Amino acid sequence: MKKWVLSRHDSMDMVGRVEASVGVSLGMGKSAQAKCEEPADGVVFVNLDNLTFIQVEDGFLPFLGSKETLALFPSATVDEGAIKFMLNGADVMRPGVKSFDQWGDPGKIVVVKEEKKGRAIAIGKATVASGEAQSMTKGVCLKNVHHVGDRYWTIHRQV
C-alpha cells in the first residue's frame, strides 16, 4: 500500500479538483493538507483534513465511511424493501424513495439513506432533476455508484 502527503500547493490544487468534481464547496482554508492512500491498484482514497473521497476515473466520490463528508451532500431516504437491492448495486428506483432533499440538476451526487436509522447505505448520481423526480411514479432517479459492501468499502476496511 502506498501513502503520501501532498505539498500545500498540491493540496490546494487537489481541493479545487475535488470541489469541481463533486459540485460542493468544501470550505477548506489555505492550510488544508491532503493525504492520499492507494491500498490497491487504481483505488486512491484522498483525505482532506477530516473529509474522505475516492478518486475514480471521471472524478471523485464521497466515501460512505466518512460522516463529515456525507453531511455536505443532499440526501434521499429509501424504504426497507429497497435496501437489499441497493446493497447488491441496484439503482434507486422512484417508488422506493420515501423522501429527498432538492439536489437540482441531473448528475449531482446524492447520499442514499435507509429509513429506519437514517444511516447512509449508498452514493448515487442523479439521473433526473429533483423537480422531475417529485412528479415521477416509476423509473430510475439515482444511479448507484458506491454502496456498503462494494469494492471501495471492502478495500477501505482492510486498510
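Bear in mind these aren't lab numbers, they're just calculated from the coordinates by the rules spelled out. On a predicted model such as this, the values are computed, not experimentally measured, just so you know. Heads up, the Cβs are rebuilt from the backbone with ideal geometry, glycines too, and the neighbour counts pull from every protein chain shown.
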Pairwise centroid distance, computed over Cα atoms, of segment 129-159 with segment 67-86, Å: 8 Å
Local electrostatic count at Asp58 - Lys and Arg +1, Asp and Glu -1, tallied over other residues with Cβ under 15 Å: +3
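Which whole-number percent of Cα pairs in segment 108-159 have a distance greater than 13 Å?
On the way: 854 of 1326 pairs.
Distances greater than 13 Å cover 64 percent of the Cα pairs.
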Aspartates and glutamates whose Cα lies under 20 Å from that of Lys138, excluding same-chain neighbours fewer than 8 positions away: Asp79, Glu80, Asp91, Asp101, Asp105, Glu114, Glu115
Amide H contacts of Val44 (H built 1.01 Å from N, under 5 Å, at least 5 apart or other chain): Gln55
Hits among lysines - C-alpha to C-alpha of Lys35 under 19 Å, sequence gap 8 or more where chains match: Lys2, Lys3, Lys67
Cα long-axis angle, helix 8-22 against the chain (0 to 90 degrees, to the nearest 10): 10 degrees
Computed helical MRE - 222 nm, the chain, DSSP H runs ≥ 4 contributing -39500 (n - 2.57), nearest 500: -6500 deg cm²/dmol
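Plugging the Kirkwood radius over Cα pairs into Stokes-Einstein for the chain, at a temperature of 20 °C and a viscosity of 1.002 mPa s, what D comes out in µm²/s?
Numbers: Rh = 16.2 Å.
Answer, rounded: 133 µm²/s.
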Fluctuation leader among Asp101, Asp41, Asp91 - the chain, Gaussian network, Cα springs under 10 angstrom: Asp41
Overall dimensions of segment 73-155 as given by Cα atoms, namely Rg and Dmax in Å: 11.5, 38
Scattering profile of segment 2-63 at q = 0.12, 0.17, 0.19, 0.27 Å⁻¹ [log10 I(q)/I(0), Debye over alpha-carbon scatterers]: -0.25, -0.50, -0.63, -1.27
Cross-link pairs beyond the 19 Å C-alpha cut-off, checked among Lys113/Lys143; Lys117/Lys143; Lys84/Lys113: Lys117/Lys143
